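Notes follow the structure.
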Amino acid sequence: MKRPSSPRRVRRNLILLSLLAVLCIGAVELAACRYYEPDLYLQITAPARRGAQAAATLCARTASAAAQAAAEAHRQVSRGVGTAVSLWQELLSPAEELPQEDSQLAGEPVLLYENAVTDPAVTELNVINGQEILTGGTIPIVYYNQASKPWADQLYGTDDIGRYGCGPAAMSMVVSSMTEEDVNPAEMAQWAVSQGYWARKSGSYLSIVEGTAAGYGLTAAPIAERTADAVQHALLSGNLLVALMGPGHFTKGGHFIVLRGVTLSGAILVADPNSRERSLLEWEPEVILEELSASTANGAPLWVISPGEA
């Protein structure tokens, strides 16, 4: 025998049927309104349509933003992986070293200068506003020593400035002394690496001289005649000279120094980025000329550095 429904269930069913009837009637009336009164139909349904359109627009924007974020993340990951792979390949590949005679590993020179003359009346190394300045030359020279803190342990590529940074140190002295920019060896080393002048486990490619001069608004040109008269004339004309030295009184291999002035007796003053002592000596022009590197690439071994055109 079928069990009779409870009063509660009967009431619930009646409510559901009533709601369904209302919905059906509303749908029929809305459909009739759409047919007979389209303006009223648009007015009634406008809020719902605006809400649906806003929701669709928000979903589309969210999807687009997510796609862009995913693409950018993929680019960043790809770029990072590519950089890491390139660096790893560079570190694993054989070093493209300079010829042995031009390797700029810092160390003691082969020879000691027996005719050394030091005269404080001619040149001194003074500290002005915390900066070392060499006096007595063509112009006061902002002096940087590659073997001194804080430069010695800072990186030049994957090497360090103390052992391999004579190129950046020499050019930082030139730039800081001949322009209004004060560029220290660490900053110059970073710039040189970015420009491709760093030679791993060898020092600097010889193109660092002309490239750095051009990069900082100076002019570098190989000296046409390597004689004492030509060197003295270039210095007395207000220029500096960068010299790549070979084995002798300055190095066992290759080494960049700056020629910075001429004394009344015709001796040459230098700025050696690896020795304050040698930077205070008066040098016979013949000693410097005889010990120039045999390399002739990129204007080596002797460049005249002149102020850029105004």
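The values are calculated or read from the model by the stated rules, or taken from the named source; none is laboratory data. Worth saying up front: this structure is predicted, and the values here are computed from it rather than measured. As a convention, Cβ positions derive from the backbone with ideal geometry for all residues, glycine included, and neighbour counts pool all protein chains shown. These accessible areas exclude ligands, DNA and RNA; they are computed on the full protein's heavy atoms, side chains included. Shrake-Rupley method; radii C 1.70, N 1.55, O 1.52, S 1.80 Å.
Please compute the modelled spin-label separation between Ala214 and Glu180, points set 7 Å along Cα→Cβ, answer in nm with one decimal.
2.4
Can you order the peptides 192-199, 128-135 by their average number of other Cβ atoms within 10 Å per residue, highest first? Please report the intermediate quantities before stating the final value.
Numbers: 192-199: 19.0, 128-135: 13.4.
Result, highest mean Cβ count within 10 Å first: 192-199, 128-135.
Just the number, please: Stokes-Einstein D of region 99-160 in µm²/s, Kirkwood Rh from C-alpha pairs, 25 °C, 0.890 mPa s. Mind showing how you got there, number by number?
On the way: Rh = 14.7 Å.
Translational diffusion coefficient: 166 µm²/s.
Measure off 7 Å from each Cα along the Cα-to-Cβ vector at Val287 and Ser237, then give the distance between these two points in nanometres to one decimal.
2.6
If I take the Cα coordinates of region 157-275 and project them onto the principal axes, what are the three extents in Å, biggest first?
Here the spans come out as 43, 33, 24 Å, largest first.
To the nearest 20 Debye, how big is the dipole of region 247-310 about its Cα centre, given +1 on the beta carbon of each Lys and Arg and -1 on that of each Asp and Glu? Present the calculation step by step, with values, prior to reporting the outcome.
On the way: 4 positive and 8 negative charges, 44 e Å.
Using Cβ point charges on Lys, Arg, Asp and Glu, region 247-310 gives about 220 debye.
How large is the accessible surface per residue of region 117-215, computed with a 1.4 Å probe and reported in Å² as a whole number? Provide the component values of the computation, followed by the final result.
Values: 4070 Å² over 99 residues.
Each residue of region 117-215 exposes 41 Å² on average to a 1.4 Å probe.
Take the Cα atoms of region 126-207, find their three principal axes, and give me the spread along each one in whole Å, biggest first.
So the extents along the principal axes, rounded to whole Å, are 35, 24, 18.
For region 215-310, what are Rg and Dmax over the alpha carbons, in angstrom?
12.7, 40
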